[in-house]
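Trainee: Here it is, the structure, as structure tokens.
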Amino acid sequence: MKIIPKKSLGQNFLIDKNIIEKICNSGNLKKNDNVLEIGPGTGNLTESILQKKPKKFYIIEKDERLVKNLSERFKNKLIIINEDILNYDLKLLSDRDLIIFGNLPYNISSQILINLINYSSSKFSYKKLILMFQKEVADRILAEDNSKNYGRLSIFSSWKLNIKKIMDISPSSFFPKPKVMSSLLIFEPKINYIKFKNSKNLEHITNVFFNQRRKMIKKPLNILFKSSKEVIDELNLNINLRPQNLKKETFYKICLIYEKLIN
Ligand code: SAH
């Protein structure tokens, strides 16, 4: 059966064999590795991963039409979960140290990444994420301070993850062709990262700062803290700077102080 791609589900299927091979190899799969693929679509990357013989292989796909095809194509070689990744409780997999692949639906790619970062459970963990984004979003994830792409996504992703770009991928590697360039990123959890009481606090803080990215930081500090002077003194902040001039670590420190003061 021919499947007409749904725009609403961000369906741009990978068709370039070379690229698919490269994506699969970036996982550097070893015997006994367990794998999860988000949005397997028509299953081209899935096929490639399967050849590496993962121990357990889960795929989560929302589109029922594709799920039907995938289960015919792969029978019982993998575990097919017909769910929305944004609503699915990954703890149900009860697997640790997964390698997660995903040529993500671009309209929800940042949200998927944020959820994966927020997820912390003794029943579920990953050792590597190999994810495709539209290039513009990848640039924001990778950005450093003092650059125009720097913001919430850069600060939040780097909090727990080491991130590298594997390659940019042109629209012609997909069907249908997306209008934008794509980038493949690899993420590995940091062994040491700053522990917050609740990672939502870091999201909240960066939201407050970057909602007003052109304003000087005095303003967001006053919104966040009753007495911002203490924070300014403790971190020795120059209040004439703008949010994009602050290093990631400074935001983590601000979050620690924030968590101390709100209780
Ligand atoms: N990985 C495939 C397809 C990528 S397109 C390939 O490279 O060829 C994105 C895929 O994510 C589609 O199959 C789409 O149906 C699926 N998808 C979209 N939204 C989803 C969601 N919320 N949860 C799970 N899968 C989703």
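Trainee: When you scan the range 161-172, do you find a residue that is in contact with a strand residue (DSSP E or B) (Cβ under 6 Å, 6 or more places away or on another chain), of a type in the set (Asp, Glu), open to solvent by 40 Å² or more (accessible area, probe 1.4 Å) and in contact (Cβ under 8 Å) with a residue 60 or more places away in the chain, even just one?
Mentor: Checked against the condition, which is being in contact with a strand residue (DSSP E or B) (Cβ under 6 Å, 6 or more places away or on another chain), of a type in the set (Asp, Glu), open to solvent by 40 Å² or more (accessible area, probe 1.4 Å) and in contact (Cβ under 8 Å) with a residue 60 or more places away in the chain, the range 161-172 yields no hits at all.
Trainee: Another one. What tally of residues in the range 1-30 results from selecting those that are touching a residue at least 24 places away in the same chain (Cβ under 8 Å), outside any helix (DSSP H, G or I), of a type in the set (A, V, I, L, M, F, W, C) and farther than 16 Å from residue 169 by Cα?
Mentor: Total satisfying the criteria: 3.
Trainee: Can you tell me which residue is surrounded by the most Cβ atoms within 10 Å (Cβ to Cβ) among those in the range 1-36 that are basic (Lys, Arg) and within 16 Å of residue 133 (Cα to Cα)?
Mentor: For the range 1-36, the residue satisfying everything is 22.
Trainee: Here's something else I'd like to know. Based on what the data block shows, is residue 59 assigned by TED's automatic domain parsing to the domain that holds residue 23 and out of contact with any Ser or Thr (no Cβ under 7 Å at 6 or more places or on another chain)?
Mentor: Against the criterion (assigned by TED's automatic domain parsing to the domain that holds residue 23 and out of contact with any Ser or Thr (no Cβ under 7 Å at 6 or more places or on another chain)), residue 59 does not qualify.
Trainee: Would you check which residues across the range 108-138 are assigned to a strand (DSSP E or B) and not aromatic (Phe, Trp, Tyr) and list them?
Mentor: Passing the criteria: 121, 127, 128, 129, 130, 131, 132, 134.
Trainee: Related question: Against the definition (farther than 30 Å from residue 25 by Cα, under 28 Å from the mean Cα position of the chain (by Cα) and either open to solvent by less than 60 Å² (accessible area, probe 1.4 Å) or at pLDDT below 95 (or both)), how does residue 239 come out, yes or no?
Mentor: no
Trainee: Within the set of pairs 6 or more residues apart or between chains, which connect a residue that is outside the structural domain of residue 27 (by TED's automatic domain parsing) inside the range 70-97 to a residue that is within 14 Å of the ligand (Cβ to nearest atom) with Cβ atoms less than 9 Å apart?
Mentor: Note: no pairs meet the criteria.
Results for (1) at pLDDT 95 or above; (2) assigned by TED's automatic domain parsing to the domain that holds residue 41; (3) under 18 Å from residue 246 (Cα atoms); (4) not in a loop (DSSP other than H, G, I, E, B), shown as yes or no for each residue.
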residue: 155; (1), (2), (3), (4): yes, yes, yes, yes
residue: 165; (1), (2), (3), (4): yes, yes, no, yes
residue: 168; (1), (2), (3), (4): yes, yes, no, yes
residue: 205; (1), (2), (3), (4): yes, no, yes, yes
residue: 209; (1), (2), (3), (4): yes, no, yes, yes
residue: 216; (1), (2), (3), (4): yes, no, yes, no
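Trainee: Could I ask something else about it? Residue 111 is checked against (1) open to solvent by less than 30 Å² (accessible area, probe 1.4 Å); (2) under 24 Å from residue 196 (Cβ atoms) and fails just one. What number does that condition carry?
Mentor: (1)
Trainee: Could you pull out the residue among 15, 23, 49 that is under 21 Å from the mean Cα position of the chain (by Cα), within 25 Å of residue 176 (Cα to Cα) and within 10 Å of the ligand (Cβ to nearest atom)?
Mentor: 23
Trainee: Here is a follow-up. Could you run through the range 72-107 and say how many residues are assigned to a helix (DSSP H, G or I) and open to solvent by 50 Å² or more (accessible area, probe 1.4 Å)?
Mentor: Residues in the range 72-107 being assigned to a helix (DSSP H, G or I) and open to solvent by 50 Å² or more (accessible area, probe 1.4 Å): 5 in total.
Trainee: Now a separate question. Take the residues of the range 93-110 that are aliphatic (A, V, I, L, M) and more than 15 Å from residue 134 (Cα to Cα): which is nearest to the ligand (Cβ to nearest atom)?
Mentor: Filtering first and then ranking leaves 100.
The values are calculated or read from the model by the stated rules, or taken from the named source; none is laboratory data. Keep in mind that what you see is a predicted model, and the values were worked out from it rather than measured. Note: ideal-geometry Cβ built from the backbone for every residue, glycine included; neighbour counts use all protein chains shown. Ligands, DNA and RNA are excluded from the accessible area calculation, which covers all protein heavy atoms including side chains. Shrake-Rupley method; radii C 1.70, N 1.55, O 1.52, S 1.80 Å.
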